[in-house]
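Heads up, the thing below is written out as structure tokens.
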Amino acid sequence: MIITIASGKGGTGKTTVTVNLAASINRDDVTVFDCDVEEPNSHIFIKPENISSEPISVMVPKVDTQRCTLCGACEEICQFSAITLVAKRIMTFPEMCHSCRGCEMVCPEDAVKEDSRVLGSVHQGKNARGIDLTWGELRVGEAMSPPLISQVKDRINPGGIALVDAPPGTSCPAIEALRSSDYALLVAEPTPFGLNDLALTVEALKKLKVPTGIVINRADDAPGIVEEYAKKEGIEILQRFPFSREAASICSRGKLLVNEMPEMKALFQQLFNRLNQLLTESKEAGEVGK
Amino acid sequence: MKELTVISGKGGTGKTSVTASFATLADNRIVVDADVDAANLFLTLEHKTLENSYFKGGSKACIDKDACIECGDCRERCQFDAISEDFIIDPIACEGCGVCAYFCPEKAIAFEQQVCGEKFVSQTPWGPMIHARLGIAEENSGLLVSQLRQEARELAKDKKIPLIITDGPPGIGCPVIAAVTNADALLIVTEPTLSGLHDMERVKALADQMNIPTMLCINKADLNPETAGRIKNFAEDNGIHFVGEIPFDREVIDAMKASQSLVQFSQGAAAKAVKSIWKEVQQFMGTTLERIM
Ligand code: SF4
Ligand code: SF4
Ligand code: SF4
Ligand code: SF4
């Protein structure tokens with residue numbers, strides 16, 4: 001089962017929830033996938049060992065100038081201005097290419113060959129406690145994160161429990177991470193900014209038809225504003241984490257709350273039990289439905 | 001005319017609170033909210049919207065069931081698995097490349113530009129604000145950011161406004177690249193955590209690739225003075241101009257709840273720090289920048 005931890009607003013504590021949830025599940029099939037590939041941070045807390053890394057590339061075109069007759073068909077099909085005729089030469093702009101292969105398909109002279117552009121890397125390792133972490137790291141200067149996120153997600157084994165740490169926002173990177181999840185856990189911050197961005201994410205999840213629940217982080221800032229919203233939308237609040245300087249300081253040092261604060265461990269275990277219950281129920285309902 | 005973009009790498013470091021304060025402190029400026037998929041500036045700055053227009057992003061394909069002969073050509077060509085076995089295109093998966101439509105033997109696929117959001121020009125008591133709302137689950141945030149900045153530049157020229165302050169999105173991907181390209185200076189707002197440090201290093205690498213002079217401030221610096229120290233050292237070693245620290249202060253949230261910028265709402269420690277940071281930033285934008293350029 002795939003549980004994606006998301007939030008519209010950045011910095012609400014997505015990564016904190018993901019890594020501490022992973023560390024409080026007493027099972028040996030827990031895997032974590034950090035899809036915040038622009039700024040991945042889960043590894044700081046999980047501390048994986050024996051890391052293997054793989055560069056990830058996408059196709060971009062390269063024109064064989066010997067064969068090219070400058071007919072312009074590739075320029076015409078390309079929606080992204082990544083291949084154009086400039087002063088009797090075909091120029092490619094690899095960083096703008098979306099790898100649709102349209103230019104390759106349309107070229108009458110078979111002059112478009114395959115080249116590649118590095119998006120970044122996918123790393124994987126296991127920590128001393130057996131938590132398996134896979135994370136993507138976007139190359140600095142690369143604009144397109146969704147294809148790298150999709151590569152990270154390709155490594156999910158849906159048999160176990162996969163926790164996915166999604167990037168902030170509600171546009172393509174967040175959507176790519178949330179697609180085809182079994183459940184979305186939204187980490188909400190009870191502030192006006194937090195509420196505004198939470199509502200945007202809930203709307204996106206309705207479009208994606210992913211069941212959704214909320215956890216409130218730093219629950220004492222403006223009590224009530226998230227509760228009120230959740231009630232109106234009929235969304236369950238699965239847990240509330242209080243703010244404390246101690247918790248903030250533990251997180252700032254890259255440590256796990258569940259190891260340092262027993263009361264936090266209890267809250268995370270409770271959260272997992274509720275998630276497990278919800279997902280087992282929905283699975284059974286699905287099977288009956290069939 | 002000069003352009004300052006405020007970014008953070010990591011989300012939630014207080015970037016928008018800092019930008020909103022700058023936007024009320026500056027004498028004559030335009031402010032742009034480039035965090036288009038989680039725009040928050042409009043919640044803080046009192047404004048009246050003067051103009052709105054649609055944002056047209058990329059195109060999407062749609063199959064006309066009556067004309068389709070189910071030959072399967074489009075499914076084979078689509079690199080994004082966007083076309084189902086029963087020939088329905090998933091608009092969320094469609095990348096908008098148009099390849100299916102180009103090759104369909106029956107011309108059964110419509111390929112049209114989509115409205116992906118809305119753009120606004122508003123007036124605040126401190127000058128114009130240019131902002132937007134990206135549609136839910138829409139793409140092309142980078143293009144939208146470029147358009148907002150372009151509109152801001154035209155308005156600045158028209159009204160002879162000397163400064164554009166842009167609130168950038170988190171991360172380092174396409175909307176961030178669009179928000180920092182050709183800016184005169186960047187201000188990174190970070191927090192004293194290992195995550196904040198790690199993310200700030202990546203944002204700095206991006207700034208270096210683009211050759212943009214960079215400033216740094218640390219928000220909630222007192223939550224972890226040791227990491228704050230490491231961040232300052234990093235700044236010093238990497239040619240980042242350090243402009244100050246902001247202490248943790250509950251009035252930051254209280255200002256947000258009151259729909260006001262921090263410096264409008266509060267006289268407290270954080271507000272004082274932001275005012276002094278703004279002075280430093282102005283000085284850097286004025287004298288130091290001229291010396292470098
Ligand atoms: S692969 Fe697609 S996006 Fe890339 S250059 Fe060719 S036509 Fe353009
Ligand atoms: S389609 Fe092929 S032959 Fe025509 S301009 Fe492009 S590369 Fe050259
Ligand atoms: S290529 Fe055209 S005709 Fe063939 S299946 Fe696709 S839409 Fe139908
Ligand atoms: S436009 Fe491109 S991505 Fe969209 S369905 Fe057609 S081939 Fe696939």
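The values are calculated or read from the model by the stated rules, or taken from the named source; none is laboratory data. Since the model is a prediction, treat every value here as computed from it, not as a measurement. Note: ideal-geometry Cβ built from the backbone for every residue, glycine included; neighbour counts use all protein chains shown. Only protein heavy atoms, including side chains, enter the accessible area calculation; ligands, DNA and RNA are left aside. Shrake-Rupley method; radii C 1.70, N 1.55, O 1.52, S 1.80 Å.
Some values worked out for this structure:
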read-out	value
Backbone HN-Hα couplings from phi across the stretch A:264-273 [Karplus 6.51/-1.76/1.60, Hz, Gly and Pro as x]	6, 4, 4, 5, 5, 5, 4, 4, 5, 4
Cut-off 12 Å (backbone N to label point 7 Å along Cα→Cβ of A:Cys71), residues of the stretch B:96-111	none
Anchor B:Lys159: lysines whose Cα lies under 16 Å away (excluding residues fewer than 8 positions away in-chain)	B:Lys2
From phi via Karplus (6.51, -1.76, 1.60), per-residue ³J(HN,Hα) for the stretch B:41-46 in Hz, x at Gly/Pro	4, 5, 6, 9, 9, 4
Antiparallel DSSP beta bridges within chain B, percent to nearest 5	45
Crossing angle, helix A:14-23 versus chain A [Cα axis fit, 0-90 degrees, rounded to tens]	60
Chain B: Cys lacking any partner C-beta under 4.7 angstrom	B:Cys62, B:Cys68, B:Cys71, B:Cys78, B:Cys94, B:Cys104, B:Cys116, B:Cys174, B:Cys217
Unpartnered cysteines - no second Cys beta carbon under 4.7 Å - across chain A	A:Cys35, A:Cys68, A:Cys71, A:Cys78, A:Cys97, A:Cys107, A:Cys172, A:Cys251
Accessible area per residue, Å², the stretch B:1-137 with all protein chains present, probe 1.4 Å	42
Chains B and A, summed buried accessible surface - 1.4 Å probe, Å², nearest 100	4800
Occluded residues from the stretch B:156-186, i.e. those whose accessible area drops by 10 Å² or more once the chain is not alone (1.4 Å probe)	B:Pro170, B:Gly171, B:Ile172, B:Gly173, B:Cys174, B:Ile177
4 °C / 1.567 mPa s Stokes-Einstein diffusion coefficient of the stretch A:140-286, Kirkwood radius on C-alpha pairs, µm²/s	77
For the stretch A:252-257, 3J(HN,Hα) per residue [Karplus equation, 6.51 cos²θ - 1.76 cosθ + 1.60, θ = phi - 60°, Hz, x = Gly/Pro]	5, 8, x, 9, 8, 4
Among A:Ser7, A:Thr65, A:Ile83 - extreme Cα towards positive end, dipole of the stretch A:1-86, charges at beta-carbon	A:Ser7
Separation in nanometres of the label points that stand 7 Å from Cα toward Cβ, at A:Lys206 and B:Glu112	2.4
Residues with amide H under 5 Å from that of A:Thr212, placed H, sequence gap 5 or more	A:Ala184
Members of the stretch A:198-237 that become less accessible by 40 Å² or more once partner protein chains are added (1.4 angstrom probe, chain alone as reference)	A:Leu200, A:Lys207, A:Asp221
Average other protein chain Cβ within 10 Å of Cβ, residues B:128-140	4
Equivalent ellipsoid, chain A (semi-axes from 5 times Cα gyration tensor eigenvalues, Å)	41, 21, 18
Pairs from A:Lys232/B:Lys56; B:Lys119/B:Lys157; A:Lys9/A:Lys283; A:Lys14/A:Lys209; A:Lys47/B:Lys272; A:Lys207/B:Lys204 whose Cα-Cα separation, in the structure shown, is over 28 Å	A:Lys232/B:Lys56; A:Lys9/A:Lys283; A:Lys47/B:Lys272; A:Lys207/B:Lys204
Accessible area of the stretch B:40-136 belonging to carbon and sulfur atoms, whole % at 1.4 Å probe	47
Nearest-10 value in Å² for the accessible area of B:His131, using the 1.4 Å probe	10
Accessible area in square angstrom per residue, the stretch B:231-293, 1.4 angstrom probe	54
At least 50 Å² of accessible area lost relative to the chain alone, listed for the stretch A:21-38 with a 1.4 Å probe	A:Glu38
Euclidean distance of C-alpha centroids, the stretch A:105-132 and the stretch A:200-251, integer Å	35
Volume of the Cα convex hull of the protein assembly as shown, divided per residue and given in Å³	170
The stretch B:25-133: radius of gyration over Cα atoms, expressed as a fraction of 2.2 N^0.38 Å	1.56
Ratio of Rg to Rh over the stretch B:57-115 (Cα coordinates, Kirkwood Rh, two decimals)	0.91
